[in-house]
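Single-structure report; data block below.
The values are calculated or read from the model by the stated rules, or taken from the named source; none is laboratory data. The model shown is predicted, which means the values in this text are computed figures rather than measured ones. Every residue, glycine as well, gets a Cβ built from its backbone with ideal geometry; the counts of neighbours run over all protein chains shown.
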Ligand SMILES: [Fe+2]
Ligand SMILES: [Fe+2]
């Protein structure tokens with residue numbers, strides 16, 4: 001990793017640069033995910049990758065001591081979260097984070113134009129983006145299976161929250177683009193911190209630790225590209241607003257998932273989001289992801 005190869009994600013860009021970057025991203029995303037399988041909300045290359053993981057399963061050497069603690073608390077926390085061990089908290093936290101993503105993309109999938117009705121490059125990008133998010137949800141499910149949790153049900157949120165998620169993709173761009181960008185950034189922050197937690201909690205389970213990292217990397221590499229792509233929707237005023245939104249957004253979202261505050265330092269995560277600039281992205285990820293031209297030095 002070089003020292004300063006990249007500028008802040010909040011760096012300025014011109015309208016012309018953003019047009020060129022959308023074209024460039026569109027080329028990238030088609031080869032990255034492979035053919036869009038729209039009826040299955042899937043992408044050919046990503047499907048093959050997930051199938052590889054399923055065909056070569058890795059499981060815990062020592063099964064979870066108390067899977068009931070997971071199943072009792074994964075949809076709604078019933079116990080005092082402080083009474084749960086860190087691994088259980090990590091797994092219920094993963095489920096809750098993934099569940100929010102899943103609800104959001106289900107709602108958006110029915111609202112945004114399908115590929116046949118996507119005429120602008122932005123619309124096409126957004127369709128493939130959503131298909132990638134469905135792949136992430138499957139990868140998260142595979143993470144839980146890797147830890148022996150194969151009875152997980154994907155439950156809808158409360159009707160009010162489901163309604164809010166359904167309205168979000170209907171908002172005009174000037175309202176939707178900044179929170180959509182900050183949400184992607186929040187995802188990357190969480191995944192970077194989660195990656196480190198695998199090392200902390202799974203030193204006795206090296207095979208599972210490494211498999212969880214492989215599964216998470218598939219997601220993180222996409223999400224780093226999404227951060228740049230969603231940033232590319234935003235002009236000079238919006239990018240200033242986005243920077244201001246990091247703190248309230250991270251605070252609000254993570255308050256809803258008590259596990260996150262117990263496992264991670266949310267203030268550090270906020271600082272991380274505000275300072276994000278791609279320099280911390282390891283080379284093996286840079287090689288497979290996408291970075292806007294105006295974020296490169
Ligand atoms: Fe995602
Ligand atoms: Fe994303």
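Please work out if residue 123 is farther than 30 Å from residue 203 by Cα and either over 16 Å from the mean Cα position of the chain (by Cα) or assigned to a helix (DSSP H, G or I) (or both).
Yes; evaluated as a whole, the condition is true for this residue.
In this structure, does residue 74 turn out to be within 26 Å of residue 165 (Cα to Cα), modelled with pLDDT of 95 or more and within 16 Å of ligand 1 (Cβ to nearest atom)?
Judged against the criteria, residue 74 is not a match.
Does any residue of region 205-213 turn out to be buried (at least 23 other Cβ atoms within 10 Å of the Cβ), over 21 Å from residue 11 (Cα atoms) and more than 14 Å from ligand 1 (Cβ to nearest atom)?
yes
Answer yes or no: is there a residue in region 164-180 that is under 11 Å from residue 103 (Cβ atoms) and without any contact (Cβ under 8 Å) to a residue 40 or more places away in the chain.
Just the residues of region 164-180 that are under 11 Å from residue 103 (Cβ atoms), to begin with: 164-166, 168.
Among the residues that remain, those that are also without any contact (Cβ under 8 Å) to a residue 40 or more places away in the chain are: 164.
Looking for residues that are under 11 Å from residue 103 (Cβ atoms) and without any contact (Cβ under 8 Å) to a residue 40 or more places away in the chain, one finds at least one in region 164-180, hence yes.
If I filter region 174-192 down to residues being more than 13 Å from residue 223 (Cβ to Cβ) and surrounded by fewer than 21 Cβ atoms within 10 Å (Cβ to Cβ), which single residue comes out as farthest from ligand 2 (Cβ to nearest atom)?
The residue in question is 174.
Quick test for you: out of 185, 245, pick the one residue that is touching a helix residue (DSSP H, G or I) at 6+ places or on another chain (Cβ under 6 Å), within 16 Å of ligand 1 (Cβ to nearest atom) and touching a residue at least 60 places away in the same chain (Cβ under 8 Å).
Details: 245 fails: within 16 Å of ligand 1 (Cβ to nearest atom).
Among 185, 245, only 185 is touching a helix residue (DSSP H, G or I) at 6+ places or on another chain (Cβ under 6 Å), within 16 Å of ligand 1 (Cβ to nearest atom) and touching a residue at least 60 places away in the same chain (Cβ under 8 Å).
What number goes with the only condition from (1) away from ligand 1 (no atom under 16 Å from the Cβ); (2) out of contact with any strand residue (DSSP E or B) (no Cβ under 8 Å at 6 or more places or on another chain) that residue 278 does not pass?
Result: residue 278 passes all but (2).
Kindly indicate which of 93, 104 is away from ligand 2 (no atom under 12 Å from the Cβ) and not in a loop (DSSP other than H, G, I, E, B).
Just a single option satisfies the conditions, and that option is 93.
Yes or no: residue 216 within 12 Å of ligand 1 (Cβ to nearest atom) and surrounded by fewer than 23 Cβ atoms within 10 Å (Cβ to Cβ)?
For residue 216, the condition - within 12 Å of ligand 1 (Cβ to nearest atom) and surrounded by fewer than 23 Cβ atoms within 10 Å (Cβ to Cβ) - is met.
On the basis of being crowded, with 18+ Cβ neighbours inside 10 Å, within 18 Å of residue 96 (Cβ to Cβ), within 16 Å of the chain's Cα centre (by Cα) and within 16 Å of ligand 2 (Cβ to nearest atom), does residue 273 make the cut?
No; evaluated as a whole, the condition is false for this residue.
Mind telling me which of the residues 204, 256, 210 ends up being out of contact with any helix residue (DSSP H, G or I) (no Cβ under 6 Å at 6 or more places or on another chain), farther than 25 Å from residue 7 by Cα and modelled with pLDDT under 95?
256
Check region 137-155 and report whether any residue there is farther than 22 Å from residue 51 by Cβ, within 16 Å of ligand 2 (Cβ to nearest atom), in a helix (DSSP H, G or I) and in contact (Cβ under 8 Å) with a residue 60 or more places away in the chain. Give the derivation first.
First pass over region 137-155, keeping only residues farther than 22 Å from residue 51 by Cβ: 153, 155.
Adding the requirement that they be within 16 Å of ligand 2 (Cβ to nearest atom) leaves none.
Taking every residue of region 137-155 in turn, none turns out to be farther than 22 Å from residue 51 by Cβ, within 16 Å of ligand 2 (Cβ to nearest atom), in a helix (DSSP H, G or I) and in contact (Cβ under 8 Å) with a residue 60 or more places away in the chain.
Within region 11-76, which helices (runs of 4 or more DSSP H) (wholly inside it) include 1 or more residues that are in contact with a strand residue (DSSP E or B) (Cβ under 8 Å, 6 or more places away or on another chain) and under 23 Å from residue 209 (Cα atoms)? I'd like the intermediate steps shown before the answer.
Details: elements: 15-33, 44-55, 67-73.
Hits in region 11-76: 44-55.
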